[in-house]
Every structure is written in C-alpha cells, then in structure tokens.
Amino acid sequence: MSTWSETDADVTAGIRGAFKKIRNAAQDSKAERARQMQRAAQISKTKEELVVAQRELTTRTAVRQDGLEAWPLPGLAPMTRVRTSFGDVPAAALRKGDEVLTRDGRYLRVQWLTRIQLDEAILSTKEDSNPVCFAPGAFGAGAPSSEIMMSPRQIICSDEKNGMNRDREAAMLLSRTGVRRLRETALSYTMFHVGETAEIYCEGLYLRFALDS
C-alpha cells in the first residue's frame, strides 16, 4: 500500500510539473506574441512617420516661375551616372559611403543620401517636378558624355568645357539645343552630399551638391 501511495505521489507531482511547464510555455508564448505585436506596431509607426516625412519633403513650399509652381529640390534621375572610385555608378545605385570625384580631384565619401519618390499624381499636378534631359554633347563634345536627366533645380557648374560663364539651374537651360523637359509617370531623384558643398563629376559635367540639400 505504501508503495502505491509513493507512486501516486510521484505521478501527481509529475503531472503537476507537466501542467506547470505547459502554463509557463503558454505564458512565454503569450509574452512573445505581445512583444511581436509591439515590434510590429513600432515598425508600422516608423513607416507612417517616413511616409509623412516624404510627403512633407515633396510638398515643401515652392515659388512660382513662369506661371508654374516650381519644384524646390535638386537631385539626379535614376540612370544619371556619378563618377566614383570604382567607376561610373547610376544615381539609383549610389550608396552612403561611396567615394565620388570632386572637381579638385579628391574622392570624398557620400555622408548623406536620400531618394525622393514621385508618383504620377505629383508629376502631373506639379509639372515643374518633371526632369530636364540633356542630350549627349548638348554643351559641346563630351558634355555631357551621354544622355542625362536631373531635377530642374539641380545646379550645373560653369567651366571651359560646357562654355557657361556662370552656374545655372538645369531648368534655366531649356532653351538650348539638346535640352528638353520630359513628362514622366513615376520617378525618383537622388540627393546626397559629401560633408561639404562640392562639385561632383557626372557624365562629363560638374554638378553642385550642397551641404544643406
């Protein structure tokens, strides 16, 4: 009789231990689900904040030029190439930390970079947000070396090669042969700086990228 009682006690203790493990596992699982939901909420909030920031950036107060609301930001269209320490790289592939060639011959690291995504609604209602396209040789032989596209607010630096006597925004050059405005339905502009205002080599031209972009 005593043997059975000890066995029953062991079985009971075992069952209790098993139930305790199940309860603990359930509690751990519940806690983990709560943590996952909290992380998901944080990620969702971050995404919402990024969307709001993007909207604020793309709707920054603009001035009016020639009857059009002027797009306020500079930048390069996706396939416009930038000279880096490892070759010419499309703006869409440029990354923070890449070294880009400046007019004075230095390769400086990209310290800040962002991409402004424009959809059809923005491009159609804010006509000036559409890119300016330069045909090869629009400024002379090799300037640019191939077709390039950029924001109308992107500054092109003057030099002997392109024949300009002062720096100009891309939109100011639309009257030149080989320069035209494109109408896009979707587009991104890449903006960056190298920790200082610098003139960066892009397709045979030097373009200014300001520290306060």
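The values are calculated or read from the model by the stated rules, or taken from the named source; none is laboratory data. Worth saying up front: this structure is predicted, and the values here are computed from it rather than measured. We place every Cβ from the backbone using ideal geometry, glycine too, and count neighbours over all the protein chains shown. We work out accessible area using only protein heavy atoms, side chains counted, and drop any ligands, DNA or RNA first. Shrake-Rupley method; radii C 1.70, N 1.55, O 1.52, S 1.80 Å.
Here are the numbers:
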item	result
Residue-level accessible surface for TRP112, protein heavy atoms, 1.4 Å, Å²	90
Portion, in percent, of the accessible area of region 141-208 that falls on carbon or sulfur, probe 1.4 Å	44
With DNA, RNA and ligands ignored, accessible area of VAL132 (1.4 Å probe; Å², nearest 10)	0
Peptides ranked, highest mean first, by Cβ atoms within 10 Å: ranges 82-91, 147-156	147-156, 82-91
With DNA, RNA and ligands ignored, accessible area of MET172 (1.4 Å probe; Å², nearest 10)	90
Viscosity 1.567 mPa s, temperature 4 °C, Stokes-Einstein D of region 127-213 from Kirkwood C-alpha radius, µm²/s	98
Using distinct alpha-carbon pairs, which all enter the 1/r mean, Kirkwood radius of region 69-213 in Å	15.0
